[in-house]
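The values are calculated or read from the model by the stated rules, or taken from the named source; none is laboratory data. All values reported here derive from a predicted model rather than from experimental measurement. Heads up, the Cβs are rebuilt from the backbone with ideal geometry, glycines too, and the neighbour counts pull from every protein chain shown.
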């Protein structure tokens, strides 16, 4: 499957509500020393859905996103939903190339870009690289989960926030 990109994924009022909640000084972000054992790039994360259940106060917002997502792809199960926040490093850093679940087949990885900035999402598929040169706020990128991908840090905003949804 070629990556599918949907701009203006959420209605503006839903998008602004989610953006305001996640950019609030009351939203809990948790420090992670490294995005990958090899890249050494730290970030902040927020688990939304793990081990079969919603574990975040913003999970109800995800139910709306999942409904919209089901209009684009068929899936029966949520595997994980996690938000990532990358801070500005004043230079572009490439995260480690990976698959969200290397031991799983037939699933989708979806990256919802919460805020606009020059951070990138790069998807490598059979010698083709799909590079989304900037993160566009309220944009969803959907691709085959068994595809290598990585992100980069941004240099033009204080934070890059993406929500990673994995569904099967």
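Some notes on this structure:
- Restricting the stretch 92-147 to residues that are part of a strand (DSSP E or B) and without any contact (Cβ under 8 Å) to a residue 24 or more places away in the chain, the residue that is nearest to the chain's Cα centre (by Cα) is 131.
- Qualifying residue in the stretch 73-83 (condition: within 27 Å of residue 134 (Cβ to Cβ) and exposed (fewer than 15 other Cβ atoms within 10 Å of the Cβ)): yes
- Set 67, 7: member being closer than 23 Å to residue 138 by Cβ and in contact (Cβ under 8 Å) with a residue 40 or more places away in the chain: 7
- Residue count, the stretch 26-42 (criterion: at pLDDT 95 or above and either loosely packed, with under 12 Cβ neighbours inside 10 Å or over 22 Å from residue 12 (Cα atoms) (or both)): 5
- Residue match in the stretch 94-113 (condition: surrounded by 16 or more Cβ atoms within 10 Å (Cβ to Cβ) and touching a helix residue (DSSP H, G or I) at 6+ places or on another chain (Cβ under 7 Å)): yes
- Enumeration of residues in the stretch 48-60 that are part of a strand (DSSP E or B) and farther than 13 Å from residue 22 by Cβ: 49, 50, 53, 54
- Breaking point among (1) crowded, with 17+ Cβ neighbours inside 10 Å; (2) in contact with a helix residue (DSSP H, G or I) (Cβ under 9 Å, 6 or more places away or on another chain); (3) part of a helix (DSSP H, G or I), for residue 69: (2)
- Residues that are touching a helix residue (DSSP H, G or I) at 6+ places or on another chain (Cβ under 9 Å) and either under 20 Å from residue 88 (Cα atoms) or free of Cβ contacts under 8 Å to residues at least 24 places away in the same chain (or both), drawn from the stretch 30-53: 46, 53
- Each residue in the stretch 14-25 was checked for being over 17 Å from the mean Cα position of the chain (by Cα) and either assigned to a loop (DSSP other than H, G, I, E, B) or modelled with pLDDT under 95 (or both), and 2 pass.
- The numbered conditions (1) outside any helix (DSSP H, G or I); (2) within 22 Å of residue 119 (Cβ to Cβ); (3) in contact with a strand residue (DSSP E or B) (Cβ under 6 Å, 6 or more places away or on another chain) are all true for residue 75 except (2).
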